[in-house]
1. Regarding region 37-48, can at least one residue be identified that is within 20 Å of Pro142 (Cα to Cα) and either modelled with pLDDT under 60 or among the aliphatic types (A, V, I, L, M) (or both)?
2. Could you tell me which of the residues Leu167, Leu141, Leu182 is touching a strand residue (DSSP E or B) at 6+ places or on another chain (Cβ under 9 Å), modelled with pLDDT of 95 or more, over 28 Å from Ala52 (Cβ atoms) and of a type in the set (A, V, I, L, M)?
3. Could you tell me whether region 219-234 includes any residue that is without any contact (Cβ under 8 Å) to a residue 60 or more places away in the chain, under 29 Å from Asp77 (Cβ atoms), assigned to a loop (DSSP other than H, G, I, E, B) and of a type outside the set (S, T, N, Q)?
4. Going by the structure shown, is Pro92 surrounded by fewer than 20 Cβ atoms within 10 Å (Cβ to Cβ), touching a residue at least 24 places away in the same chain (Cβ under 8 Å) and over 19 Å from Ala50 (Cα atoms)?
5. Cβ-Cβ distance below 8 Å, separation of 6 or more or different chains: which pairs start in region 60-73 with a residue that is closer than 17 Å to Lys88 by Cβ and end on one that is not in a helix (DSSP H, G or I)?
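The values are calculated or read from the model by the stated rules, or taken from the named source; none is laboratory data. Quick caveat, the model's predicted, so the values are computed rather than measured. Glycine also receives a Cβ, built like all others from the backbone with ideal geometry; neighbour counts cover every protein chain displayed.
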Amino acid sequence: MYHGVVTGEHRHRLLRRVSSGLVIVGGIVLAYPFWSAGYTGLQQGRLTAALAQSSASFEKAARAETSTLNAIHRPQDRLTALASLFAKQLKPGDPIGHLKIPRIGLYKVILEGEHRPPSLGMGNDQQFLSSGPTHYGLTPLPGAGRPFAVAGHRTTFGAPFYKLNLLSPGDVIIVITPYAKLKYTVDKLTTVAPSDISVLADRGYDLVLTTCNPPYSAAQRLIVWGSLRSFTLL
């Protein structure tokens, strides 16, 4: 009889501990989107300051190449030359510029991704995606070729690409770098398998944005395809 009471008490304590543990774990899971968004917000502030320094550094590098750049008269060729010059100072994790999509109220700093495989498969870039939209480092910079491809989270770490599915053909997407402000328009939206990296090859589009689809799932990848309409050299 005595042993039965002790066993019952122990069982009751164990159940209380398990219940408390489940409540704590549930609270952590529910709070995850909020603290991850807070982390991203802090990182975006840091990246904004770093971008200002990067812009100043690039301006100095461009001045040193004044004679070479002045010999390039075609605007598109000058854009390509400036993009190539900027690429020389970029390392993975560095800020590239701002991504602005008025239709969905997006304005974020873009980070440079890894320059080696498997960045095309998101493998190396997870550490950067927690800070903001990240450039697939094995694709060209804006104005340097096709396509300029960027990945972004859909549901965590500030969910910058959560509303990407709301974009329609003709919507404007702006990329502002230290060397140029580029205006793109959306051509189409498609979905592909998460393993399909062919969307990052040159298929006639200047801009590719990718994110998970549907929200809270990695079953597919949502792709926004865009074309460059105009640019202003800075």
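1. Filtering region 37-48 for residues within 20 Å of Pro142 (Cα to Cα) gives 47-48.
Okay, now just the ones that are also either modelled with pLDDT under 60 or among the aliphatic types (A, V, I, L, M) (or both), so 47.
Within region 37-48 (the criterion being within 20 Å of Pro142 (Cα to Cα) and either modelled with pLDDT under 60 or among the aliphatic types (A, V, I, L, M) (or both)), the answer is yes, since at least one residue qualifies.
2. Only one candidate passes the filter, namely Leu167.
3. yes
4. On the way: surrounded by fewer than 20 Cβ atoms within 10 Å (Cβ to Cβ): yes; touching a residue at least 24 places away in the same chain (Cβ under 8 Å): yes; over 19 Å from Ala50 (Cα atoms): no.
Judged against the criteria, Pro92 is not a match.
5. Going by the 8 Å Cβ cut-off, the qualifying pairs are Ala61/Lys88; Ala61/Gln89; Ala62/Tyr179.
Residue-by-condition table, conditions (1) more than 27 Å from Tyr216 (Cβ to Cβ); (2) in contact with a helix residue (DSSP H, G or I) (Cβ under 6 Å, 6 or more places away or on another chain); (3) at pLDDT 95 or above:
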| position | (1), (2), (3) |
| --- | --- |
| Trp35 | no, no, no |
| Ala52 | yes, no, yes |
| Ile96 | yes, no, yes |
| Ile101 | no, no, yes |
| Pro117 | yes, no, no |
